Structures are given as structure tokens and as C-alpha cells.
Amino acid sequence: MEDRLKKYMTEALKEAELAASEGDIPVGAVVVWKDQVIGRGRNKRRLHHDPTAHAEIVAIREAGEFLKSWNLSDCELYVTLEPCPMCAGAIVQSRIRRLVYGCADPKAGASGTLYDITSDTRLNHRCETLSGVEENRCKKILQDFFILCRSKRTKKSPS
């Protein structure tokens, strides 16, 4: 695997770990421009009480602020989990050049699994998509989080 891909997915995984430590689903994202991270995001839905505070949205907003532009056509987005329809729409709207994600989301994935918004030829922008980067690490952080959540629920149940 290309070292560059692994490097930036590792940065996204750091964000996912922070999300887990804050009690949110561990998804992390980074936006890269000219080989530097200009946007970082992690799920903050619970923290901010905001259903739109997905990792991708947070990272895209930060990147837009950095560049002082909504147009991120020279940027790449690295995210640990395949984007949902909302996030895939934001990727298209922000003109991200390339999407790199870790593991597929068979229940809500919108970049090749359930839907393919980021490659839909009916839309005015499409982005190159690469999946499966650090897939096992990305899956593991999600699986571990949900195992922990289930074990906490079981411990709270009356015997």
C-alpha cells in the first residue's frame, strides 16, 4: 500500500479514536491539500447535539475555512468509514478531487456500497474513489466500540 495513503488514513484513525473517547461512533476524517492536512474531523453528533456533525462534514468545513473557499477541488478526503448519503453529497458539493476510505458501510454507504453518489454521472461533479485503505484497522475500531457499548448495556440490565 502506498505510504502516503497509510499516513493520512492513520491521521483519520486518530480522529476516530478521539470520537470514541468522547462517546461518539469512531469515524474520523482528514482533508489533505498540497500534502498537508488542512481539515480534521471526527463524529461530534453527541458532543454538539448536531445530527450533521459527521466526521466528513466537520473536516470539510475546517478545510473550507483554511482555504477561504467552498471549492475543495485540489483536495483529498480520507475517512475511516464509507460516507453516508449526506456526507457523499457534501463531498460532491465541495468538489473534493479524491475520496479515500477505509471500510465499507453496507447499511448506509453512499460511495460504492449501497449508493454511489460520489461517482454518479448524473451529477455535475464526481470524485475518484479508493476504498479499503487500512480496512482492517478501520473495521476494528468500530467493532471494538460497539462491543464495548453492548457490554455496558448488558451490565446495566437487571439480573
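The values are calculated or read from the model by the stated rules, or taken from the named source; none is laboratory data. Being a predicted model, the structure only gives us computed values, none of them experimental. Don't worry about glycine lacking a Cβ; one is built from the backbone with ideal geometry, like all the others, and counts go over all protein chains shown. The accessibility values were calculated without ligands, DNA or RNA, using every heavy atom of the protein model including side chains. Shrake-Rupley method; radii C 1.70, N 1.55, O 1.52, S 1.80 Å.
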Give Glu2, Glu82, Glu65 a once-over and let me know the one that is among the charged types (D, E, K, R) and surrounded by 16 or more Cβ atoms within 10 Å (Cβ to Cβ).
-> Glu82
Given the conditions (1) open to solvent by less than 10 Å² (accessible area, probe 1.4 Å); (2) more than 18 Å from Tyr8 (Cα to Cα), report the number of the one that Val32 does not fulfil.
-> (2)
Of Ser119, Ser69, which residue is touching a Gly at 6+ places or on another chain (Cβ under 9 Å), of a type in the set (Gly, Ala, Ser) and farther than 23 Å from Thr10 by Cα?
-> Ser119
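Yes or no, residue by residue, for (1) acidic (Asp, Glu); (2) open to solvent by less than 30 Å² (accessible area, probe 1.4 Å); (3) out of contact with any strand residue (DSSP E or B) (no Cβ under 8 Å at 6 or more places or on another chain):
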| site | (1), (2), (3) |
| --- | --- |
| Ala53 | no, yes, yes |
| Asn71 | no, no, yes |
| Glu76 | yes, yes, no |
| Ala90 | no, yes, yes |
| Val100 | no, yes, no |
| Ile117 | no, no, no |
| Thr129 | no, no, no |
| Phe145 | no, yes, yes |
| Leu148 | no, no, yes |
Number of the condition not met by Gly109 [criteria: (1) surrounded by fewer than 22 Cβ atoms within 10 Å (Cβ to Cβ); (2) closer than 18 Å to Thr52 by Cα] | (1)
